[in-house]
Structure formats: C-alpha cells, structure tokens
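Shown next, in structure tokens, is the structure this report addresses.
The values are calculated or read from the model by the stated rules, or taken from the named source; none is laboratory data. Nothing here was measured: the structure is a model prediction, and the numbers come from that model. With ideal geometry, Cβ positions are generated from the backbone for all residues, glycine too; neighbour counts draw on all protein chains shown. The protein model used for the area step is the full one, side chains on, heavy atoms only, and it has no ligands, DNA or RNA in it. Shrake-Rupley method; radii C 1.70, N 1.55, O 1.52, S 1.80 Å.
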Amino acid sequence: MSEPDPGAGAGAGRLERDDAPPPARCAPVLAAAFVREPAMAWIAGGSDRVRRAWFSATLRTHATLPGARRHLLTDGTGRPVASAVLTPPAAAPSGAARAAWAGRTLVGCGPRALVRTLRYLHAAEAGIPTGAWTLEFIGVEPEAAGRGAGGLLLGHLLAATPAPGGVFLTTADEANVRLYRRFGFTVLRRLTVGPLEVTAMWRPAARADAR
C-alpha cells in the first residue's frame, strides 16, 4: 500500500536525502502520511495510536530483511517530511521475525488490525511479479504535501533501486493510480479485500536496469 504526494510535480525546495535511515525515523512520517489512506484506515480503524503502533512494529520487522531499503527526506531544519520503504525480490521475514511482528501488532494494535493486515497481505502478495521489488510504502507528512517531496522521492528510489524485475505496488486509493501511471506504472489487476478496492501496479525495469 502506498500514498504518494499529490503535488508530485511541484517544486520541492531544499530537501536532504537519507538513503539508510533507521526504521524509527521513518515510522512516524508514514503514520502521519497514511492518516486518510483507505487500507490503513480499515486496518487501524481510524485510531492514531493504532496506526502509529502498526507502522512502528511493521518497519521494525521489515528492517530484518536482507537488502531492505528505506529512504527519508528532511527539510532545511532536519525535520523528516517524506519516507519510502522497499522490499527486495522474494524477501520474507523469518518465522521468528513474523512471530515477533504478530505479537507486537496484537499487543499494540489489537486483534482486528492483525487479522486485517494478514488479509491484505495474503491478497496483495499473491500477485507480485517474479523478480520484482515491492514498494511497500511511500508517503509525505500532511504539512509538507503538495510541494513535490513525494515525486522527488519516488523518482529517486526508482532510479536508485537495481530492479531488473521491475517495481510492484498496491494502492487502495483510486486517485493514486493516475499518479503512479505518470512514473511508468501500469495496472496488473484489481482485487477486493474486505471493503477495499485495491489496484496492483507494476513498473517494468528501465533498459539500464534490465541488462
């Protein structure tokens, strides 16, 4: 699931990029960015506390994956304004890491959030093209939205990630589909998860990446 910056084409101003931030710096940015994202609203039930706990637990587990990537943009004062998280092809947490995530999610978010997350993942992960990276999350803090930070970050990670199998993502927000099309993504399929209408998208490798 992902939530780009609606102002992707605007001027981003002075922003600093960190291509190896700790999960704890990314989680609050994404929790704020996803406050209205349909899938996250369904999982968290509209609770700010649950959403923050969910991102904290999820990014902590994601960081255990070999080759996992995180990106962060900060403004001129060092305040984080945008973040993105990517999973390498065919990477999956170990059994111990999955159990730890489930425990943290159950305690911090409750059984409903845990069950709904598993439902979403089961549906979304079934359609990942072989060899593709997965753009798990990309989001911009609401106060910084509309200034181009999301577009700048998305363009950077697409250029910087060696992805001969392309990049895959899902979004439950129909408005995001046309934004991702601008970056070369095409629709692979549409699926229903609970009340959500989810679009799975894929961007093929650039010619240089495919070699």
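Couple of notes before you dig in:
- Here Ala53 qualifies as over 15 Å from the mean Cα position of the chain (by Cα) and at pLDDT 95 or above.
- Flag not set for Glu197, criterion: within 23 Å of Gly45 (Cα to Cα), charged (D, E, K, R), in a helix (DSSP H, G or I) and open to solvent by 70 Å² or more (accessible area, probe 1.4 Å).
- Check on Val35, surrounded by fewer than 21 Cβ atoms within 10 Å (Cβ to Cβ) and either touching a residue at least 24 places away in the same chain (Cβ under 8 Å) or within 14 Å of the chain's Cα centre (by Cα) (or both): yes
- Verdict on Pro80 being out of contact with any Cys (no Cβ under 9 Å at 6 or more places or on another chain) and over 20 Å from Val107 (Cβ atoms): no
- Residue within region 105-113 that is aliphatic (A, V, I, L, M), at pLDDT 95 or above and under 25 Å from Arg190 (Cβ atoms) present: yes
- Filter result (open to solvent by 40 Å² or more (accessible area, probe 1.4 Å) and in a helix (DSSP H, G or I)) within region 80-103: Gly95, Ala96, Arg98, Ala99
- Failed item in (1) under 18 Å from the mean Cα position of the chain (by Cα); (2) open to solvent by less than 40 Å² (accessible area, probe 1.4 Å), with Thr186 passing the rest: (2)
- Apart from one condition, Ala149 fits all of (1) modelled with pLDDT of 95 or more; (2) in contact with a strand residue (DSSP E or B) (Cβ under 8 Å, 6 or more places away or on another chain); (3) among the hydrophobic types (A, V, I, L, M, F, W, C); the exception is (1).
- Residues of region 104-154 classified as open to solvent by less than 30 Å² (accessible area, probe 1.4 Å) and assigned to a helix (DSSP H, G or I), total: 15
- Inter-residue pairs, beta-carbon under 6 Å, first touching a residue at least 24 places away in the same chain (Cβ under 8 Å) and in region 104-133, second charged (D, E, K, R) and open to solvent by 60 Å² or more (accessible area, probe 1.4 Å), 6+ apart: Gly127/Arg189
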